[in-house]
Amino acid sequence: MDDHRADLLAAHRQYLYPAVTPLYGEHPIIVERARDQYVWDVDGTRYLDFFGGVLTVSVGHANEEVTACTIAQLQTVQHTSTLYLNPIMVRLAQKLAEITPGRLQRTYFTSSGTEANETAVLTARMYTGHQEVITLRHAYAGRSVLGMSLTGQGTWRLGGATDPHVRHVRNPYPYRLPPGLDPDRLVDFLVQDLEETLATVTGGKLAAFMAEPIQGVGGFIVAPADYFKRIWPVVRAAGGLLIIDEVQTGWGRTGHFWCGIEHWGVEPDIITFAKGLANGAPIGATITTPEIAEAVQGLTFATFGGNPVSMASALATIEFIEKHNLLENAAVQGARLRAGLEALRADFPLIGDVRGMGLMQALEIVQPGQAPDRPALSRWWTAARAS
Ligand SMILES: Cc1ncc(COP(=O)(O)O)c(C=O)c1O
């Protein structure tokens, strides 16, 4: 089997971009099959998939109910595009309008989180007539040129291409405060930073402020409870919309609610979804209010947006979550997980912080003094791979 792995790895390197890098160096896992929370490699070793695909497999690998609906749709109509009336796309859009917060009613479907965010920014720019978008350092928003421009992590911004109208303000990161700042003053400080950014590097007019409720790729960084309520009036005063990226936090992962932002008690103007919405099938969705959607007039088209197979997978995923009360289960199991992680922290000083909500939990691995400890992280990661 080692020869098979070596040959496959050599072919992978020969035929794919070097940027497509499998984990674990010379010994990547070749997944042969997957079921519920487990994957099995070609050697028959079973692993707990603690990452749920890439936060995509919301209701388990090869979920029988979702798979049955997906296959049934494949065998009926696989693709027609939005040039025809598409009943299952309309059903999913209606369902999203019912379960998302506030007045969000109109959806545009695409195939990825990147496209969902592109659509959101386009919508905000067309509605407000402004160009400037403010987002957060440590954000991740996708891999298109705009997606990378919105991303606030240098390692994920390739090609040097940037949208000139995107600015990054300091993110709410309670574990890493600016030196000397009283933790109780963090939100005041962030609001002031936003106001100063608006006044100095924009013309004071905003298309949108965009953020993830919990920064995913950034390290599951959870904003303080009053953060969104405090920045919202500043955004509105500059004429901007609030875009919330729920690509990671959506579909109950944070417990109790469908959307992570509901924990913060604000109603966004636009929400974007992808990843876990269709349990692993490609999907992106941008939902907004009727008035805002009205601003997007003209020719715009996504070939695979609203494709019936992804729509069927998404509807079945939502139905499964409802039927099994998984929003509450995420809160219950998340609390168990959190208690276990907190107990580990008590024993291991290299765990600097435990944070998250529901089943979206993280450990920050540090050296004494809080500096990130990459070698320890990589040892931990390798050890955690054991079945
Ligand atoms: C918060 C967030 N937004 C957007 C994206 C981009 O989604 P996609 O990879 O489907 O384009 C990701 C992907 O990891 C993400 O985590």
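Okay, here's what the table says:
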quantity	calculated
Inter-label distance for Gln78 and Glu98, nm, one decimal - labels placed 7 Å from Cα along Cα-to-Cβ	3.0
Debye log10 I(q)/I(0) for the chain, one point scatterer per Cα, at q = 0.06, 0.10, 0.14 Å⁻¹	-0.24, -0.70, -1.39
Packing-based ranking, highest mean first, of 199-206, 225-232 given that Cβ atoms within 10 Å are counted	225-232, 199-206
Alpha carbon convex hull of segment 183-277, volume per residue in cubic angstrom	104
By average C-beta atoms within 10 angstrom, highest first, the peptides 46-52, 284-290, 273-279	273-279, 284-290, 46-52
Cα-only Debye scattering, segment 233-387: base-10 log of I(q)/I(0) at q = 0.08, 0.15, 0.17 Å⁻¹	-0.35, -1.00, -1.12
The chain, helix-only ellipticity at 222 nm - DSSP H runs n ≥ 4, -39,500 (n - 2.57), divided by all residues, nearest 500	-12000 deg cm²/dmol
Linear extension gain, Trp156 paired with Glu328, 0.36 nm per residue minus alpha-carbon span	58.5 nm
Convex hull of segment 1-49 built on C-alpha atoms - directionally averaged projected area, nm²	3.7
For segment 109-258: rounded, prolate or oblate by the Cα gyration tensor [a/c cutoff 1.5]	rounded
Qualifying lysines (Cα of each under 16 Å from Cα of Lys229; at least 8 residues distant if same chain)	none
Taking all pairs of distinct alpha-carbon atoms in segment 302-387, Kirkwood radius in angstrom	15.9
Net charge dipole size for the chain [Lys, Arg +1 and Asp, Glu -1 on Cβ; Debye, nearest 20]	260
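Each value in this text was obtained by applying a stated rule to the coordinates, not by laboratory testing. Everything numeric in this text was worked out from a predicted model, so none of it was measured. Don't worry about glycine lacking a Cβ; one is built from the backbone with ideal geometry, like all the others, and counts go over all protein chains shown.
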